[in-house]
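*Asks:* Structure below; questions to follow.
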Amino acid sequence: MSEPTKSEGEISCKELSAEEAVQFADRLVEKGEVGQAIECYLSVADRYELPPADICLRLARCYMRLDDPAAALDWATRVVDAGQDYGVWQAAALIATKAARRLGSAHFRQARKLAVLSSFTTESWVPLLQLAALRLGILLDVYQCAYGQYRQEVLNPESSLYKFAPEMVLIAVDTRDLGIPDFVQDSVAVVDQEVERWGGYWQRILEELSATILQFTFVVPETAPFGHFGAKLQGSRQRVIQAPNLRLGELAGPKVALIDCERLASLVGKLRWYSPRYWHLAKMAVSPEAQPLLARHTAAVIAAQLGLSRKCLVLDLDNTLWGGVIGEDGLSGIRLGQGPEGEAFVEFQEYLRSLKERGILLAVCSKNNEADAREPFEKHPEMRLRLSDFVMFVANWKPKAENLREIARELNIGLDSLVFVDDSPAERRAVRKLLPEVDVVPLPEDPCFYVRALSDYLLFEPVSFTQEDSRRTELYRARAQLSAARRGVESLEEFYASLRMKATIGPFDDFHLPRVAQLVGKTNQFNLTTRRHSLAQLEAFARDPNCVHFYVRLQDCFADHGLVGVMIAFAKDGVLDIDTWLMSCRVIGRTVEATMLAELCRCAVERGCHTITGTYIPTSKNGIVRDIYAQFGFELISETQGTTRWRYDLAGRGPIENRFIEVEHVFGAGNDSRAASTANAA
Amino acid sequence: MTVEQRLQQMLRELLDDDTVELGDDTVAQDVPGWDSYVHINLMYRIEQELGVPLPGNKIFEFKNFGELKRYVIEHLSARRTELS
């Protein structure tokens with residue numbers, strides 16, 4: 001080891017082993033050379049896909065010393081992904097909460113007040129919960145009731161709980177609070193009484209507060225006084241304790257979420273979940289080693305309640321959904337279905353399909369030739385996933401980060417709704433670096449453990465489950481234009497109706513003109529004439545009394561899509577001629593085009609026009625609208641070099657209609673804004 | 001790193017305070033923030049990271065930091081003898 005004094009600027013940490021580099025940097029910190037120490041720690045961190053917790057912690061501490069709370073917070077919260085060590089989590093939690101206070105609530109996706117009502121000590125666990133929440137971008141302002149005071153807090157309307165006015169209340173209770181002895185005579189009455197008691201607390205809290213309640217389920221203890229006999233003994237503690245969990249689950253409405261501690265305890269093993277030592281020494285009902293896990297899960301449920309769950313799982317193909325490389329090994333060469341590896345991939349696909357049934361969107365993002373990538377889905381007998389299970393199928397040779405952006409854009413969801421799964425550490429690393437908003441699941445090398453890796457990813461936590469959820473893929477696919485696999489006419493209508501679409505239509509005004517100009521300038525696919533009018537020309541059209549012009553905004557049960565359609569037509573001698581008709585590609589296949597023609601018919605009637613005419617000018621991109629006029633009953637009147645002219649006999653055929661989209665007309669706002677801007681100009 | 005430095009480092013992390021200096025006669029009350037939760041967390045880390053068991057109420061029975069340190073050192077050297 002070289003002394004830091006000699007080596008400043010000379011020795012590169014990159015040449016040292018990780019351990020040496022950390023020691024070297026530790027000494028730099030002692031000497032007060034924090035900036036250089038950070039560079040050295042970063043060079044170590046860069047060697048790992050997920051930097052080890054102690055490196056994250058050191059970096060967090062250094063950044064705090066440099067008065068950079070944002071970076072300190074970032075590194076402190078990375079401890080959450082780096083392991084489950086209680087000691088490191090405690091240290092990281094201290095730094096993270098300090099840094100978060102410095103940054104203030106505006107720095108976070110959400111800031112919420114949480115009250116923790118508990119029958120055991122939560123002082124050492126709450127910081128871990130705050131850390132896990134900060135990792136998800138949630139700042140929790142926490143009030144903890146005094147040890148064992150939860151009843152008084154709930155029942156007294158003057159209590160500190162209600163004065164704190166939390167938006168979430170966590171009832172962190174323990175099986176001891178059920179007060180169920182080893183054996184109960186009348187187990188039905190005891191369970192009824194307990195369910196009534198806890199349900200009563202919920203009701204009181206919900207009467208006093210506009211809050212969401214989170215409650216721990218009761219853990220069946222690791223000891224069984226009746227042994228195996230207890231499993232069949234009516235009234236044995238191990239049987240009776242399971243009943244309130246089930247009953248409270250039925251009772252819990254949308255304002256109550258359960259955190260299933262019984263499941264978590266089984267997951268880590270009950271001997272590890274609970275430690276009698278820590279109970280007797282410190283009244284901790286959950287052992288220190290299990291506390292990080294409980295914190296992570298509780299934070300995930302809180303995130304789900306706040307609407308921060310992720311929506312879409314983006315999957316690689318080769319060595320992720322099957323073993324081998326389809327482009328090289330061919331259909332018969334990939335490993336799927338037979339042998340331990342092949343079975344593991346089948347199991348993984350089945351797990352993915354159940355996620356999809358539950359409402360998680362699946363998308364493919366693969367570096368492959370598209371035809372190669374599709375072949376297994378079409379022909380391999382062991383494939384469990386079908387092309388119709390995916391909302392988007394992207395197979396090309398572009399960087400994955402670029403494709404992920406495209407997927408988010410096409411589905412009209414944020415990058416922070418995506419989760420990326422890929423067997424290649426290099427791809428994962430690139431996505432982590434380029435798109436930090438996207439969550440990346442670190443798949444293990446052995447495909448046997450893929451299912452587990454994904455089930456340990458917690459941000460697919462749902463808050464409800466309805467028929468809609470299992471249909472979501474279809475809804476989104478339509479939105480993403482993968483409409484090939486549509487079902488019959490009736491279900492298509494159902495689909496449109498279920499979107500509860502609403503269009504807002506108005507003439508061009510100063511407020512909307514910039515967006516209109518943008519669409520006119522860039523829309524390629526649904527664009528009949530591709531005439532790139534300038535903003536000045538568009539403003540002139542808006543003033544021209546012979547010009548019919550309107551924009552369309554679209555809203556549905558998922559989102560407000562904003563301004564998505566533009567129509568410009570000129571009236572002359574009883575004929576209304578379409579100059580420009582275009583639509584944003586994200587709403588193609590939603591019947592918006594029918595609504596736009598219906599609106600045009602209405603305008604034509606208003607102006608006494610009996611005929612509508614239109615032109616299709618082909619480009620390399622707009623083949624999708626080649627036949628659109630024919631679809632709506634226009635007659636072809638001429639064709640020259642691919643350009644077609646069409647006529648609609650409004651007087652004879654009557655106006656076009658669309659019953660799937662409700663229309664609202666806006667006239668006033670635009671004029672007002674124009675008046676306002678004119679006034680400003682003057 | 002000596003045992004003393006290691007223990008001091010643990011406590012510094014548990015308090016997020018790099019200025020903490022521990023002497024043999026230091027008691028918890030001398031150090032701001034060193035409450036019973038920090039004490040329990042210190043116990044957890046000594047057991048986990050150094051492999052030194054602190055059974056029962058042991059962690060609360062040391063009179064000062066010096067006693068705790070000597071206990072840990074003795075335990076570690078006894079174990080080393082056992083292994084050799």
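*Asks:* In whole percent, what relative contact order does chain A give with Cα contacts below 8 Å and a gap of six or more residues?
*Replies:* For chain A, the relative contact order is 7 percent.
*Asks:* Moving on. Within the stretch B:45-84, list the trypsin sites (Lys or Arg not before Pro) lying in a DSSP loop whose Cβ has at most 14 other Cβ atoms in a 10 Å radius.
*Replies:* B:K63
*Asks:* Right, here's the next one. Taking chain A on its own, what percent of its Cα-Cα pair distances exceed 49 Å?
*Replies:* Value for chain A: 31 percent of Cα pairs lie more than 49 Å apart.
*Asks:* Give me the orientation-averaged projected area of the Cα convex hull of the stretch A:312-479, in nm², one decimal.
*Replies:* 9.0 nm²
*Asks:* If I model a spin label as a point 7 Å beyond the Cα along the Cα-Cβ vector, how far apart are those points for A:T530 and A:Q242 in nm?
*Replies:* Going from the A:T530 label point to the A:Q242 one covers 6.7 nm.
*Asks:* How much length would be gained if the chain were fully extended between A:A497 and A:D68, taking 0.36 nm per residue of separation minus their Cα-Cα distance, in nm to one decimal?
*Replies:* Taking A:A497 through A:D68 to full extension adds about 149.3 nm, to one decimal.
*Asks:* Then there's this: Counting only DSSP beta bridges with both residues in the protein assembly as shown, tell me the antiparallel percent, nearest 5.
*Replies:* 45 percent
*Asks:* Under a plain spin-label model, where a point goes 7 Å from the Cα along Cα-to-Cβ, how far apart in nm are A:Q203 and B:F60?
*Replies:* In this crude label model, A:Q203 to B:F60 measures out at 4.0 nm.
*Asks:* A further question follows. Could you state, as a whole-number percent, how many of the C-alpha pairs of the stretch A:499-681 are farther apart than 20 Å?
*Replies:* 53 percent
*Asks:* Same structure, new question: Loop only per DSSP, at most 13 neighbouring Cβ atoms within 10 Å: give me the chymotrypsin sites (Phe, Trp or Tyr not before Pro) in the stretch A:24-118, ordered by residue number.
*Replies:* Here the chymotrypsin sites (Phe, Trp or Tyr not before Pro) that fit, given the DSSP loop and packing criteria, are A:Y48.
*Asks:* Rounded, prolate or oblate, given the Cα gyration tensor of the stretch B:3-83, with a/c below 1.5 counting as rounded?
*Replies:* prolate
*Asks:* What do you get for GluC sites (Glu not before Pro) in the stretch B:24-84 restricted to DSSP loop and a cutoff of at most 14 other Cβ within 10 Å of the site's Cβ?
*Replies:* Answer by residue number: B:E61.
*Asks:* Here is a follow-up. Residues with beta-carbon under 12 Å from that of A:H107, excluding A:H107: net charge, scoring Lys, Arg +1 and Asp, Glu -1?
*Replies:* Net of charged neighbours comes to +2.
*Asks:* Using Cα-Cα distances under 8 Å and only pairs 6 or more residues apart, what relative contact order does the stretch A:110-249 have, in percent?
*Replies:* Relative contact order of the stretch A:110-249: 26 percent.
*Asks:* Give the aspartates and glutamates reachable from B:K63 as a straight Cα distance under 14 Å; neighbours fewer than 8 places away on the same chain don't count.
*Replies:* Reachable aspartates and glutamates: B:D24, B:D25, B:D30.
*Asks:* Rounded to the nearest Å, what's the spacing between the alpha carbon centres of the stretch A:374-452 and the stretch A:41-57? Just the number, please.
*Replies:* 25 Å
*Asks:* Beyond a 18 Å Cα-Cα separation, which of these cross-linked pairs lie in this structure: A:K522/A:K621; A:K31/B:K69; A:K311/A:K356; A:K113/A:K163?
*Replies:* Among A:K522/A:K621; A:K31/B:K69; A:K311/A:K356; A:K113/A:K163, the Cα-Cα distance tops 18 Å for A:K31/B:K69.
*Asks:* Using Stokes-Einstein with the Kirkwood hydrodynamic radius over Cα pairs, what translational diffusion coefficient do you get for the stretch A:108-308 at 10 °C and a viscosity of 1.306 mPa s, in µm²/s rounded to a whole number?
*Replies:* Calculated translational D: 91 µm²/s.
*Asks:* Ok, one more. For a bin width of 10 Å, list the pair-distance distribution of the stretch A:76-216 built from all Cα-Cα distances, rounded to whole %.
*Replies:* Pair shares across the bins are 11, 35, 31, 18, 5, 1.
*Asks:* Next up: Multiply the residue separation of A:L415 and A:R47 by 0.36 nm, subtract the distance between their alpha-carbon atoms, and state the gained length in nm to one decimal.
*Replies:* My answer for the length gained is 129.9 nm.
*Asks:* Then there's this: Expressed as a rounded percentage, what relative contact order does the stretch A:312-479 have, with Cα pairs under 8 Å and six or more residues apart?
*Replies:* This gives 26 percent for the stretch A:312-479.
*Asks:* Under the rule a/c < 1.5 gives rounded, and otherwise a/b versus b/c splits prolate from oblate, where does the stretch A:346-394 land using the Cα gyration tensor?
*Replies:* oblate
Read-outs throughout are calculated quantities, based only on the coordinates presented, and are distinct from any laboratory measurement. All of these numbers come straight from a predicted model, not from anything done at the bench. Don't worry about glycine lacking a Cβ; one is built from the backbone with ideal geometry, like all the others, and counts go over all protein chains shown.
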